[in-house]
Structure formats: C-alpha cells, structure tokens
Amino acid sequence: VLVTVSTVLSVNSWWYVFDPNFPAPIAPFGWTINTLLFFYLVFPVLLPRLKMLSDVNISRLLVILYYVQLVPFVYIWNLQKTPVESHRIVTDNPFSRLPVFIMGMLGGIQTQRWEENQEFQDPNEERLFFHDFIPWGLFTFPSPRPDKQFDKEKSRFLWKIRTDFSFFLLLHVWIKISLNYSIFSFSPIISEFADKYDQLTYVHIMLNIIIGLTRASDSSISKWTLSSWPFQKLGAASFSLYMIHFQGRIIYSKIVNRPKFTGVAEMLMFGVMMICIAYFVHKFIENPLKNKLRHKKPKSHNAV
C-alpha cells in the first residue's frame, strides 16, 4: 500500500533524503517522473527571471551552479553511504538535481541568444581544456569591454575546440565504463582519482557539447557526428530507451540465465537490440500519445 500511494503521489524521490531505504516507485525509474514533475512546475517561474540576466551573469551563474550541484556528491562520499543510498539521495532527489536543471536552462538561453543575434559575451570563452570539464572562471574574468567588437568567427572556432575536446572526454568516460579501460591507467594515483571523481565532470562536459552543437563551427567533428541521421534518430528515441533499458536488461538476464554479459560483442548486440525496441516504442507509442495529448498533428523534428 505504501509503495502504491507514494508512487501515485510522486513523493518517493522527496523522501529518500530522510530515509534512503524508503520504497522505490512501482515502475523502475519512476523517480524520474517525480523529478520531472517538479521541474515542470518550477520552469515557468524560473525562466522569465533567468532571461533577465546579462550574458556575463549567465556565465558566472553556470560556474556557481556547477559547484553547488557537487555538494550532494561530496556529502555522500564523506558519509560513505552505500551505492543505493548514494544514488537515491544524490540522483533521485529533485532538489539535488535542481542546479543541473537550471544549468540546462541557462545553456538554452545562451544558445537562443546566439541563434537570434549570433553573439553571446562569455568572458570564459577563451578558457579551454581545464575549464571545459571543471569550470573555474568566476571572479577572475573581466567584464567585456564595450569598445571591443565581438568576433563571431573566433567564437565559433573556440567553441569548436571546446565541443570536440568535451566530446572526446565523454567518449573516454563511456569507454572506461563499458570496457573497464582508461588512458589514465598508467598512473595508479591518477587512475584512482579518475575512478572516483570522473562523474563530477559529466555535467559541464555534456553542457559544453549541447551548447557547442549550436555555437561551434561546422568543421567540428563532434557537431558533424551528433548532427548525423543516426544520432538524430537515437536522440529522438532516447527517452524511450531510458525508460525501457532496465526492464530489458532484467528480461535478457532471465532469458540467457546469467546476470552479466560475457563480452563486448554481447553487450553491443544487446545495446543495438534495445535501441531498435526503443525506436519502435518512440514511433508507435510515445509519439502518438504525445501528439494526442497536445492535440497537434505529428511533426518531423530533429533531436540529439
């Protein structure tokens, strides 16, 4: 009864911070609905206020929020919680995810201003590499000089470097997780640091890539790759893939009668199979329901 009532009221994710062992929602990943519902409610309240910020303040707030969203991670590590408790308190709780959601809104405002005016005054723009995965420009950057003309081509080139570098870092993280291999393995100290802290870089790396898809020059490798037809289709079906992958993993484990993959080939085969199923769900279930709820005719759209 407690599980059913908490799932219907969407309160599971709110309660984890007080009791990490509180029952999970009936459906796997139901915590996502709890969190998204909260984001849908705060979005119209936050958006008008965030759009009033100047370019410089948007850049500054992005850096501040990056460190704010680290607080729950550091808090959990210091308490040495179990993986389940850590995931529920840090990832599932709407308040702990709110800074990341606002970072996404600020990134969207930045890309909108770029598309409308082909200009965005980001004082951190020339801070590459280290700033790309751990932003540090907060109090040190100067305000843009009013007499300094904005160089659009230079900005697009810098974002090309930033986007491609971030794409490489994210690809490396994916390889490390999937194949248990890291280019940092040559050093035990660096390897141990990367194993524990590389998740801290996810947020800013992915935000760089998302913004870079709009702001980077067309010669960007990552922009060309992520804008290609296969990735557009994968992006369109990404939410369906997220919602069914856990159930698919459980069913597959029962079919083959073992809990883990035997190798990379089997893992890739399972991934392709789940992508195909997710695209079917997206095309024949998710999209028709979405269009029916919105009372709109189906429209073609690109998503990454």
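The values are calculated or read from the model by the stated rules, or taken from the named source; none is laboratory data. All values derive from a computational prediction rather than experimental measurement. Cβ coordinates were reconstructed from backbone atoms using ideal geometry, including for glycine residues, and neighbour counts include every protein chain displayed. Just the protein is used for accessible areas: all its heavy atoms, side chains included, with ligands, DNA and RNA removed. Shrake-Rupley method; radii C 1.70, N 1.55, O 1.52, S 1.80 Å.
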- [ ] May I ask you to verify whether PHE39 is modelled with pLDDT of 85 or more and of a type outside the set (Lys, Arg)?
- [x] yes
- [ ] Kindly establish whether TYR252 is more than 30 Å from LEU62 (Cα to Cα), aromatic (Phe, Trp, Tyr) and at pLDDT 90 or above.
- [x] no
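Among SER227, SER238, SER253, SER217, which is in contact (Cβ under 8 Å) with a residue 12 or more places away in the chain and open to solvent by less than 30 Å² (accessible area, probe 1.4 Å)?
Just a single option satisfies the conditions, and that option is SER217.
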Task: Scope the stretch 258-269; condition over 26 Å from GLY30 (Cα atoms) and either among the charged types (D, E, K, R) or outside any helix (DSSP H, G or I) (or both); matching residues - done: THR262, GLY263, GLU266
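Condition check ((1) out of contact with any helix residue (DSSP H, G or I) (no Cβ under 7 Å at 6 or more places or on another chain); (2) open to solvent by less than 90 Å² (accessible area, probe 1.4 Å); (3) under 11 Å from SER240 (Cβ atoms)) across all residues:
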| position | (1), (2), (3) |
| --- | --- |
| PRO259 | no, no, no |
| THR262 | yes, no, no |
| ALA265 | yes, yes, no |
| PHE270 | no, yes, no |
| TYR279 | no, yes, yes |
| HIS282 | no, yes, yes |
| ILE285 | yes, yes, yes |
| LEU293 | yes, no, no |
Task: Matching option when the condition is modelled with pLDDT of 70 or more and open to solvent by less than 70 Å² (accessible area, probe 1.4 Å), among ILE76, ILE89, ILE58, ILE33 - done: ILE58
- [ ] Considering every residue within the stretch 198-207, establish whether at least one is of a type in the set (Ser, Thr, Tyr), open to solvent by 40 Å² or more (accessible area, probe 1.4 Å) and at pLDDT below 55.
- [x] no
